[in-house]
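The structure appears below as structure tokens.
The values are calculated or read from the model by the stated rules, or taken from the named source; none is laboratory data. Keep in mind it's a predicted model, so treat the numbers as computed, not measured. Here the Cβ positions follow ideal geometry from the backbone for every residue, glycine too, while neighbour counts run over all protein chains shown. To get the accessible areas, we keep the full protein, side chains included, count just its heavy atoms, and leave off ligands, DNA and RNA. Shrake-Rupley method; radii C 1.70, N 1.55, O 1.52, S 1.80 Å.
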Amino acid sequence: MHSFLVYLALASVASWPEVRAQSNSTSKKSLDALLQDYAYQALARHPRTGKVFDAQVPSNFSGIKLAALRLRSGSLRRLGFSSYKEFSIPVGVIVQPYVVRLVLVYQNLENWSSTYYGGPNYTFLAPVLGLLAYDAADLSATNLPELDIRASNKPISIQFTNVKSAPTGLTPKCIWFDLQGVPQLSNLNSSNVCSTSRQGHFSIVVESIAPAPAPAFPPGQTPVSPVAPPSAGKKDNSRAWKIAAPVVGGSAVLVVFALLLVWLQKYRNKKKIEEMERQAEIGEALQMTSIGDSRAPMAMGTRTPPMLENEYVP
């Protein structure tokens with residue numbers, strides 16, 4: 001029982017990073033589903049094929065730019081689409097599973113880029129752009145799964161605008177987030193151009209630099225440690241307490257629960273022994289005596305009187 005409770009506590013704590021990762025991925029999926037719904041609403045008002053329609057987003061997502069483009073799968077494969085916002089789609093793009101018409105939803109997350117796709121290992125120089133494909137059979141459908149589109153000949157080109165300058169000594173790179181939000185870095189084709197053969201979300205980033213190691217001091221010289229401002233220490237302590245509090249609280253609950261189970265087991269054993277003793281006392285045929293902490297039956301002190309053999313002789 002104790003080992004099971006310890007395993008349960010460790011498993012719950014170890015699974016927290018995975019839960020946070022899943023939660024982050026879920027939020028991205030929820031945003032994609034919301035933007036797909038609003039993009040389809042724009043198409044439903046103007047159901048024309050081969051024309052780009054800008055769509056409105058909810059006020060609480062102000063800043064995001066959204067557009068929708070409906071195409072025939074065959075036309076996309078034979079002709080491509082040379083200018084869809086920042087994306088240039090070449091001929092030879094294959095859609096799987098096959099649908100007669102598809103919708104390409106364009107996203108420009110602008111100031112929401114870091115909120116949904118930010119990470120500690122890179123810094124954005126351009127907004128995150130999204131290109132996702134959905135079935136166009138029903139323009140009132142919501143929560144649609146993404147189709148799989150692949151460029152079989154030339155890659156899809158992405159021409160970024162409003163790109164920030166990279167810090168001195170850092171090299172800008174393209175970053176691609178797949179449908180699960182997993183990032184992958186690659187080199188730029190030119191100054192502000194990236195390429196891809198798949199759908200997803202794209203941007204230009206610079207990789208973060210690890211802090212430089214502390215300088216070495218000559219023998220006998222003691223380095224002077226910088227004193228952190230009081231506010232920084234309080235902030236770190238507060239953050240550490242927010243992380244540690246759930247762990248401590250959960251561990252305390254598990255310990256109390258384990259102690260309660262142990263006490264309950266001992267109580268049940270004690271009551272069982274008392275009941276067995278009571279039943280034994282009710283049906284006893286012999287006199288009981290105490291031996292140490294236990295009770296045992298005792299035979300009465302009787303003897304058969306001796307009888308001489310000649311008493312039976314006539």
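Listed values, structure above:
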| quantity | calculated |
| --- | --- |
| Candidates Arg101, Arg77 - the one that is open to solvent by 70 Å² or more (accessible area, probe 1.4 Å) and in contact (Cβ under 8 Å) with a residue 24 or more places away in the chain | Arg101 |
| Residue check for Val91: outside any strand (DSSP E or B), more than 18 Å from Val57 (Cβ to Cβ) and touching a residue at least 12 places away in the same chain (Cβ under 8 Å) | yes |
| Output for region 178-190, where each listed residue is open to solvent by 90 Å² or more (accessible area, probe 1.4 Å) and free of Cβ contacts under 8 Å to residues at least 12 places away in the same chain | Gln184 |
| Test for Gly92: is it surrounded by 14 or more Cβ atoms within 10 Å (Cβ to Cβ), modelled with pLDDT of 95 or more and out of contact with any Lys or Arg (no Cβ under 8 Å at 6 or more places or on another chain) | no |
| Failed item in (1) within 21 Å of Tyr38 (Cα to Cα); (2) open to solvent by 30 Å² or more (accessible area, probe 1.4 Å), with Ser114 passing the rest | (1) |
| Restricting region 16-72 to residues that are farther than 21 Å from Tyr116 by Cβ and in a helix (DSSP H, G or I), the residue that is modelled with the lowest pLDDT | Arg45 |
| Residue within region 43-61 that is under 24 Å from Pro183 (Cα atoms), open to solvent by less than 10 Å² (accessible area, probe 1.4 Å) and of a type outside the set (A, V, I, L, M) present | no |
| Cβ pairs under 6 Å, 6+ apart, first in region 145-168 and on the phi > 0 side of the Ramachandran plot, second in a loop (DSSP other than H, G, I, E, B) and open to solvent by less than 100 Å² (accessible area, probe 1.4 Å) | none |
| Odd one out for Ser82 among (1) closer than 29 Å to Arg45 by Cβ; (2) open to solvent by less than 40 Å² (accessible area, probe 1.4 Å); (3) touching a Ser or Thr at 6+ places or on another chain (Cβ under 6 Å) | (2) |
| Pair list, Cβ under 8 Å, 6 or more apart: region 257-275 residue in a helix (DSSP H, G or I), other residue of a type outside the set (Phe, Trp, Tyr) | Phe257/Leu5; Ala258/Met1; Ala258/His2; Ala258/Leu5; Leu261/Met1; Val262/Met1 |
| Residue count, region 133-177 (criterion: open to solvent by 90 Å² or more (accessible area, probe 1.4 Å) and within 17 Å of Gln107 (Cα to Cα)) | 4 |
| Residue in region 163-173 that is within 30 Å of Tyr98 (Cβ to Cβ) and touching a Leu at 6+ places or on another chain (Cβ under 9 Å) present | no |
| Residue match in region 106-118 (condition: at pLDDT 95 or above, touching a strand residue (DSSP E or B) at 6+ places or on another chain (Cβ under 8 Å) and within 14 Å of Ile89 (Cβ to Cβ)) | yes |
| Per-region count, region 126-169, residues within 15 Å of Val193 (Cα to Cα) and aliphatic (A, V, I, L, M) | 7 |
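Matching residues to (1) over 23 Å from Val93 (Cβ atoms); (2) modelled with pLDDT under 90; (3) among the aliphatic types (A, V, I, L, M):
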{"residue": "Ser157", "(1), (2), (3)": "no, no, no"}
{"residue": "Lys173", "(1), (2), (3)": "yes, no, no"}
{"residue": "Val205", "(1), (2), (3)": "yes, no, yes"}
{"residue": "Pro218", "(1), (2), (3)": "yes, yes, no"}
{"residue": "Val224", "(1), (2), (3)": "yes, yes, yes"}
{"residue": "Asn237", "(1), (2), (3)": "yes, yes, no"}
